[in-house]
1. Restricting the search to region 192-207, which residues are in a strand (DSSP E or B) and either in contact with a helix residue (DSSP H, G or I) (Cβ under 6 Å, 6 or more places away or on another chain) or basic (Lys, Arg) (or both)?
2. Of the conditions (1) touching a Lys or Arg at 6+ places or on another chain (Cβ under 6 Å); (2) within 16 Å of residue 97 (Cα to Cα), residue 162 clears all except one; give me its number.
3. Evaluate region 165-182: report whether one residue or more is at pLDDT 95 or above, touching a helix residue (DSSP H, G or I) at 6+ places or on another chain (Cβ under 6 Å) and in a loop (DSSP other than H, G, I, E, B).
4. Anything in region 196-235 that is on the phi > 0 side of the Ramachandran plot and touching a residue at least 40 places away in the same chain (Cβ under 8 Å)? List them, or say none.
5. Read through the list (1) touching a Lys or Arg at 6+ places or on another chain (Cβ under 8 Å); (2) surrounded by fewer than 17 Cβ atoms within 10 Å (Cβ to Cβ), then give the number of the only condition that residue 96 fails.
6. Spot the failing condition for residue 82; the list is (1) at pLDDT 95 or above; (2) closer than 30 Å to residue 345 by Cα, and only one is missed.
7. Are there any pairs with C-beta distances below 7 angstrom linking a residue in region 110-132 that is farther than 22 Å from residue 160 by Cβ to a residue that is of a type in the set (Gly, Ala, Ser) and buried (at least 18 other Cβ atoms within 10 Å of the Cβ), with the two at least 6 apart or on different chains, and if so which?
8. Any residue in region 1-18 that is among the charged types (D, E, K, R) sitting within a Cβ distance under 7 Å of a residue that is not in a helix (DSSP H, G or I)? List the pairs, counting only those 6 or more apart or interchain.
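The values are calculated or read from the model by the stated rules, or taken from the named source; none is laboratory data. All values reported here derive from a predicted model rather than from experimental measurement. No Cβ is skipped: glycine too gets one built from the backbone with ideal geometry, and neighbour counts run over all protein chains shown.
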Amino acid sequence: MHDCLVPRSHYPALADFAYLNQASLGMMGQPAVTAFRSFVEDVGRHGNLYMSDVDEVSYFELLRQQAASILGTTERQIAILGSASELLGQLPYLVPVAADQSVVLLASDFPAVTRPWLRLEQQRGCRLRFIEDDPQIDLTEALCAAIDSRTAVVAVSYVQYATGRKVDPGRLRDACTEVGARLILDVTQAAGAIPIDADGWQADVVVTSGYKWLGGHGGVALATVAGDLVGAVPALPGWMGASDPFDFDATRLDLAPDARRYTQSTMSYASMAALTVSIQQLLGIGIDGIADHARALSVQLVEGLAGTGWEPYLPVGDSAASGHIVSLAASARDAPMAVRHLRDEGIVCGMRGGRIRISLAPYNDGSDVERLTRALAAV
């Protein structure tokens, strides 16, 4: 029996449910909830009595340090955002793409990654090359094959939200380097669950939401910005991105000398407090250990379903399969009906792309997987 990595008592829902849906609206642990509530009580209810202007600016720094550690980069390259889309939506206006150039995307990717480029196509007439995901092909190879001398940008999620399939950032970077293309990675379905190496990947931008696997709440996101983009002028500059945000000179565009310039404004500081504590907890456990834990549970899951007809999108031993997201389907089974049946049995999971999506988090243990396999076998 595989044990959990964090106290299950930190997640009250686990007393009644097997929660296997961290990839959707992820649960917050008690330490993060305590930090969230403390901020509301100490600052939210007292305002500047407990947070001065100087305190507000410096409040970002601890989270920036934690973010640099978990994303594999330096603090200078960390931007703290209100949402991942806050930066993803600006990228088509930060990265030059001519009308005769192309942007390589995945047709089944999360829309936050693709829609800004669809808008750019409408405005400037650039070419979008959508690659189809197929479990029978090497997805990274298909993406690399689509990169040519006219490619300006490759924008993809590191882990696909619907299937848990990973791309290989190193191979993508090599292919991009050959033609001088930008590499943009959304790691929302990876950060906090598997190791992230933004500097090693040499991606131009790596962005993630602060909830889901990072264990925070909505209203805060993180990004790494590399190369010349660190000094670029944001398409939508805000007041908090200034070198001194409280120097309220409305007549000039003053920007911080690093990725802090991409922070737009006051955001959910309570969410920042929660995310800081949650990342500290994840780093304390160790991301490699978290990934190994999910992998072991995914093996137990697939082995427990042998002979039932339920099959994963990719074999668990496939190098492109992420252990923390397992996508299941069966040719003779009704997946939506199965999800409803599981909910009736006290098992919460997701439904994406016509398949059952199972999320395996540090709070899950072997008993959750056993409960799931028994219920699925009975569908």
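1. Matches in region 192-207: 194, 206, 207.
2. Looking at each condition in turn, residue 162 falls short on (2).
3. yes
4. Let us first name the residues in region 196-235 that are on the phi > 0 side of the Ramachandran plot, namely 202, 212, 215, 219, 227.
Answer for region 196-235, where residues must be on the phi > 0 side of the Ramachandran plot and touching a residue at least 40 places away in the same chain (Cβ under 8 Å): 212, 215, 219.
5. (1) is the only condition that residue 96 fails.
6. That leaves (2) as the condition not met.
7. So the pair list comes out as 126/102; 127/102.
8. Short answer, once both residue conditions are applied: 3/365; 8/363; 16/346.
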